Amino acid sequence: MRRSTKVEPTAIQAVATHFAATLVEGRGPADAYLTVARKRIALVATAIESRAARGAKASRPRLRFDRVALGLVDRLRTALDGSVPDGRTVVVTITAPIRLPARTAIAMEQRIRRLIATRAAPARVAATIHGNQIQVHFLKGGSGRTAELIGFVHNPDSDPTVLIDVARALLTRIGSGERTAGRRWLVIDIRDGLAPIETCRQVCSQLRVPTVFEQTLVLLPGGQIATLSA
């Protein structure tokens, strides 16, 4: 059983201290409000946990960014645009190398469409398609601003679980960000070392988190704070 993704008050306080800002307790969807240079900023925070890293420091999944890998994910995203139900996000992982990209993309699209059409679609489906191990996850969360489908091609010796866990944690808070008026910052707490910062960066980029939050801050092991670029 996973722990709650609720962020400890120390995480919010760490952000306030870092910016020498006045901290006000949150109301509604925001966890807290900061006043920085006379500007009021809503903080929405989440803690990342990974089922793949219990008791050990998380390892970064070895992702592939070659033309074939990026093209397959882009093809799936384009083909399924407008097909994913509101309030849901599809996350797919595929092992490399992809030797039959066109046929693999078509088979995956058809499988995902069938799952979408199923009223009680499972939260996770795993299969092997043309020699590639795939996982399809239907996660709660998302909005009109964020991507309906995100995908990652990884080496077969890499565990993609942390990618799913990061996506799940972020999606639980994106709705809170959209319901918060004014300037919004997202705070990601990975101080326990269960998720690499680069994995957070990749998932945020694919989800299009910058369309919801003006800035994304990451609390690192050791207490440092990093800013993820858009």
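We did not get these values from a lab; they are worked out from the coordinates using the rules stated. Worth saying up front: this structure is predicted, and the values here are computed from it rather than measured. Cβ placement follows ideal geometry from the backbone for every residue including glycine, while neighbour counts extend to all protein chains displayed.
When the Gaussian network model of the chain links Cα atoms closer than 10 Å, the mean-square fluctuations of ASP31, ASP189, ASP66 top out at ASP66. Based on every Cα atom in the stretch 102-230, Rg and the maximum pairwise Cα distance Dmax equal 16.1, 48 Å.
Counting only Cβ charges, +1 for Lys and Arg and -1 for Asp and Glu, the dipole size of the chain around its Cα centre is about 340 debye. Annotation: amide H-H contacts under 5 Å for ALA147 (H modelled 1.01 Å from N, sequence separation of 5 or more, or interchain): ARG208.
If you take every DSSP beta bridge fully contained in the chain, what fraction is antiparallel? Give it as a percent rounded to 5.
Numbers: 27 of 45 bridges.
So the antiparallel bridges in the chain amount to around 60 percent.
For the stretch 176-230, a simple Cβ point-charge model (Lys and Arg +1, Asp and Glu -1, everything else neutral) yields a dipole of about 160 debye relative to the Cα centre. Each residue of the stretch 106-118 was assigned a 3J(HN,Hα) from its phi angle through the Karplus expression (A = 6.51, B = -1.76, C = 1.60, θ = phi - 60°), giving 5, 5, 5, 4, 5, 5, 5, 4, 5, 5, 4, 6, 7 Hz with x at Gly and Pro.
Scalar couplings 3J(HN,Hα) for the stretch 23-40, obtained by applying the Karplus form with A = 6.51, B = -1.76, C = 1.60 to θ = phi - 60°, are 9, 10, 4, x, 10, x, x, 7, 7, 6, 10, 10, 10, 10, 6, 6, 10, 8 Hz; x denotes Gly and Pro.
Could you work out the relative contact order of the chain, using alpha carbon pairs under 8 angstrom and six or more residues apart, expressed as a whole percent? All intermediate terms of the calculation are to be shown ahead of the outcome.
Details: 431 pairs, mean separation 59.5, N = 230.
Relative contact order here is 26 percent.
Extension gain, THR10-ARG40: 0.36 nm per intervening residue step, less the Cα-Cα distance, totals 8.8 nm. As a rough guide to protection, the peptides 176-183, 16-23 ranked by mean Cβ packing within 10 Å, highest first, stand as 176-183, 16-23. Computed per residue of the chain from DSSP H runs no shorter than four, each worth -39500 (n - 2.57), the mean residue ellipticity at 222 nm is -9500 deg cm²/dmol. Only one residue of ILE129, THR172, ALA11 has its Cα farthest out toward the positive end of the dipole of the chain, where Lys and Arg carry +1 and Asp and Glu -1 on Cβ, and that residue is ILE129.
Once you order the gyration tensor axes a ≥ b ≥ c over the Cα atoms, which shape class does the chain get: rounded for a/c under 1.5, otherwise prolate or oblate by comparing a/b with b/c? Note, shape of the chain comes out prolate.
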